[in-house]
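As structure tokens, the structure follows; a few thoughts come after it.
The values are calculated or read from the model by the stated rules, or taken from the named source; none is laboratory data. Note that the structure is a prediction, hence the values are computed from the model and not measured. Cβ placement follows ideal geometry from the backbone for every residue including glycine, while neighbour counts extend to all protein chains displayed. Protein only, heavy atoms only, side chains kept; ligands, DNA and RNA dropped before computing areas. Shrake-Rupley method; radii C 1.70, N 1.55, O 1.52, S 1.80 Å.
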Amino acid sequence: MKKNTWTKASIVAIATILLWLKTYIAYKTSFDIKIENWRQELILLINPLSFLMIILGISMFMKEKAQKRYILITSFIVSAILFANVVFYRFFNDFLTIPVLFQTSNMSDLGSSVTELINISDLFYFADLLVLALLLKFKPNVIEFREYTKVDRRSFFLVAIAIAFFNLGMAETERPQLLTRTFDREMLVKNIGTYNYHLYDAYLQSKSSAQRAMADGSELADIDNYVRANYLPPNDEMFGIAKGKNVILISMESTQNFVINQTVNGQEITPFLNDFIKESYYFNNFYHQTGQGKTSDSEFLVENSLYPLSRGAVFFTHSGNEYTATPEILNENGYFTASLHANNKSFWNRDIMYQSLGYERFYSLPDYDVEKENSVGWGMKDIEFFQQSVDHLKAMPKPFYSKFITLTNHFPFELNEEDRFIEPYTSNDKTVNNYFPTVRYQDEALKLFIQKLKDEGLYEDSIIILYGDHYGISENHNKAMSEYLGKDITPFESTQLQQVPLIVHIPGQEGKIMPTVGGQIDLKPTILHLLGIDSKNNIDFGSDLFSKDRNDFAVLRDGSFITKDYVFTRETCYDKATGEPTEKTACEPYSDQAKNELEYSDKIIYGDLLRFYEDEDKENGSSKSNE
Ligand code: GP9
Ligand code: MN
């Protein structure tokens, strides 16, 4: 018997090794996991093993037929999970989380992107299954099928558990507090492996459901104190400067700040915006703070002045929460509120979430005349979208608060020949090359929109606020980006590339460059103050960008932060002026604030704490949006 075990390979072992190797190859070829030393490489190599041994080892309790079926099905499921991560990573540069997985409406809408993201060589991810199926069918002599004894099973699982502990132990020395600090999924996957990471994610998910059930208002007191202490009074010259005016808020898809005032092949990328900022407030140190929820996260930040979540899209995971968003506050102040976006209403769960944010109307796909001729990539072209939207604007009661979400400048940056106002860039990277003409197209759409607003007499009565929703070019494209920008993309540069433009146009005001460091989280109090609405009783983590007492500060969702003089990212403090690493102590004074902000904001969302604030507020008879 013993001899047999050594001369013949067990099918459990073969299946485990096939999946193990495949996972490791996928780590090395499909994900960009940074390895700094041999210990990290070893962790990466062993991290899928314990999970695979345990999950496949269960088959050792089965009879031959059931064992075969179980091994094949399990291998297929594990492969599918791996492959789903690979495809997701190509697009989002991130690993899947359970909430994202359930965003089936998004997944089915991915359409054109998915065909871009999958290619024939992806069959490799399932090649081992074929080998396994053939082995199971033909049972060649070298493979052993037998019922396992108690001792076999015990030793197998003991080895698996020993490997798991060895893995965790090494991970803990490499990365202390790994599981308590879950900002960075890459770090998690690198250390505990993609499969254990999914188990961990499932644990987090159930924890967050329990959190809401267990939360009570007592947690709000600390948060309230923190928010009060960070409140900045408005700038007297700006407070109420746009009182009673319409608000036109424009979310510019994937628009990063580096395109402003820049050229490609000698041609301006954003000629219209370059002119428009001359008659607007242009914030050139402004950051997106989004996570996996991309556009929806930016909407969440802008309208709630809360951080989105580190995993999943809060639009999906917590759409039933109580919020005090800008639309709700403006409704109470006599505004009509609407969001306009020519896409399925359920994308990012907007139709549900918008109700919680207080939107009165969502102009979505059925409100537009969308034809094949006026569509490209993800849907309706921006020029058409804006032109048709003006009719909706004209029909709205005044004053209105309207949010426009553009779409054409979306990965994979497709464009028809006739819409190409400039030529693509000329690197080896198609994504980066095509980004420039779609940004240029969006710029044209904005120009025509503003012109139409003028023609229709809406321009002078409105403040127009444009911001980039999130990055368009992920770190997967650093090589071509470094070629375009003419510098190495260090972690410092990557963080600086998270800057998105913020342009605030107020009729009658002259243009001004605003260098204050800020982020999307600051827009809610900024807008309310411009409209003459006090925000000091709100739970806002951002602060008025026009305030005279500003602390230059922006926290990104991955825990990186930016101050006037420093950029902190990946555990390194960089001098902003030189881009070189500097002593950690320089960044330390801000670390706690960055951590607190994210933690407090997460607490509010997970515990749905604003529901208690509402009650308290009503009891006190005060109004959060006083006149
Ligand atoms: C979809 C649009 C794009 O409606 O907002 O979403 P994104 O992929 O950028 O989050
Ligand atoms: Mn977007």
Item to complete: Return a yes/no flag: does the range 584-593 have any residue that is outside the structural domain of Gln205 (by TED's automatic domain parsing), assigned to a helix (DSSP H, G or I), free of Cβ contacts under 8 Å to residues at least 24 places away in the same chain and among the β-branched types (Val, Ile, Thr).
Response: yes
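Filtering the range 544-580 down to residues that are among the polar types (S, T, N, Q) and within 18 Å of Asn284 (Cβ to Cβ), which residue is most open to solvent (accessible area, probe 1.4 Å)? Reasoning before the result, please.
Looking only at the range 544-580, we keep the residues that are among the polar types (S, T, N, Q), and these are 547, 551, 560, 563, 569, 572, 578.
Still in the running and within 18 Å of Asn284 (Cβ to Cβ): 547, 551, 563.
Numbers: Ser547: 10, Asn551: 97, Thr563: 2 Å².
Among residues in the range 544-580 that are among the polar types (S, T, N, Q) and within 18 Å of Asn284 (Cβ to Cβ), the one most open to solvent (accessible area, probe 1.4 Å) is Asn551.
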Worksheet entry | Long-range neighbours under 7 Å by Cβ, at least six apart or interchain, first residue in the same structural domain as Thr406 (by TED's automatic domain parsing) and farther than 17 Å from Leu446 by Cα within the range 370-392, second open to solvent by less than 20 Å² (accessible area, probe 1.4 Å) and not in a loop (DSSP other than H, G, I, E, B) | Val370/Gly379; Val370/Met380
Worksheet item: Do you know which of the residues in the range 220-261 that are small (Gly, Ala, Ser) and touching a strand residue (DSSP E or B) at 6+ places or on another chain (Cβ under 6 Å) is nearest to ligand 2 (Cβ to nearest atom)?
Response: Ser251
Item to complete: Six or more apart or on different chains, Cβ under 6 Å: which pairs go from a residue in the range 328-356 that's within 22 Å of Ile539 (Cβ to Cβ) to one that's open to solvent by 40 Å² or more (accessible area, probe 1.4 Å) and away from ligand 2 (no atom under 16 Å from the Cβ)? Could you list them?
Response: Thr337/Asn331; Thr337/Glu360
Item to complete: Filter the range 325-341 down to the residues that are open to solvent by less than 10 Å² (accessible area, probe 1.4 Å) and among the hydrophobic types (A, V, I, L, M, F, W, C), then identify the one that is nearest to Glu384 (Cα to Cα).
Response: Leu340
Worksheet entry | Selection from the range 57-76 of residues that are part of a helix (DSSP H, G or I) and either without any contact (Cβ under 8 Å) to a residue 60 or more places away in the chain or within 17 Å of Arg154 (Cα to Cα) (or both) | Gly57, Ile58, Ser59, Met60, Phe61, Lys65, Ala66, Arg69, Tyr70, Ile73, Thr74, Phe76
Item to complete: Could you figure out which of (1) under 19 Å from Asn374 (Cα atoms); (2) touching a helix residue (DSSP H, G or I) at 6+ places or on another chain (Cβ under 7 Å); (3) within 16 Å of ligand 2 (Cβ to nearest atom) isn't true of Thr438?
Response: (2)
Discussion item. Please go through the range 441-488 and give me each residue that is within 16 Å of ligand 2 (Cβ to nearest atom) and among the acidic types (Asp, Glu), ordered by number.
Written reply: Asp469
Worksheet entry | Restricting the range 296-324 to residues that are open to solvent by 10 Å² or more (accessible area, probe 1.4 Å) and within 14 Å of the chain's Cα centre (by Cα), the residue that is modelled with the highest pLDDT | Ser310
Worksheet item: Out of all the residues in the range 276-294, which are assigned to a helix (DSSP H, G or I) and either of a type in the set (D, E, K, R) or open to solvent by less than 10 Å² (accessible area, probe 1.4 Å) (or both)?
Response: Phe276, Lys278, Glu279, Lys294
Worksheet entry | Restricting the range 420-446 to residues that are open to solvent by 20 Å² or more (accessible area, probe 1.4 Å) and among the acidic types (Asp, Glu), the residue that is farthest from the chain's Cα centre (by Cα) | Glu423
Practice prompt. Return the only residue of Ser560, Ser535 being small (Gly, Ala, Ser) and within 22 Å of the chain's Cα centre (by Cα).
Written response: Ser560
